[in-house]
1. Tell me whether segment 8-29 contains one or more residues that are in a loop (DSSP other than H, G, I, E, B) and surrounded by 11 or more Cβ atoms within 10 Å (Cβ to Cβ).
2. Any chance you could count how many residues in segment 30-39 are on the phi > 0 side of the Ramachandran plot and either assigned to a helix (DSSP H, G or I) or touching a residue at least 60 places away in the same chain (Cβ under 8 Å) (or both)?
Amino acid sequence: MNIKKWNARLSLLTVVLFLIHEGYHLYAYTAMYHNPTLTKVTGYALAAALGLHVILSIMSVFVLHDAKMVA
């Protein structure tokens, strides 16, 4: 059950990181200013959080057999 809670928190973090990443792209497009380092940092952080979220989801369903239990 603890993994499901951490996975839910991680999914919210992933959404926030996605909004930050896309918000910067929108700013860069409208302001005609592009910083490749900032783009890579936000992209890598988003990819890492999303990868960890996928791994925890797989563990929750297949390893812990927690697919049908909802708390």
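All of the numbers you see were taken from the coordinates with simple rules; none came from a lab. Nothing here was measured: the structure is a model prediction, and the numbers come from that model. Please note: Cβ atoms are built from the backbone with ideal geometry, for glycine as well, and neighbour counts cover all protein chains shown.
1. The answer is no, given that none of the residues of segment 8-29 is in a loop (DSSP other than H, G, I, E, B) and surrounded by 11 or more Cβ atoms within 10 Å (Cβ to Cβ).
2. Qualifying residue count, segment 30-39: 0.
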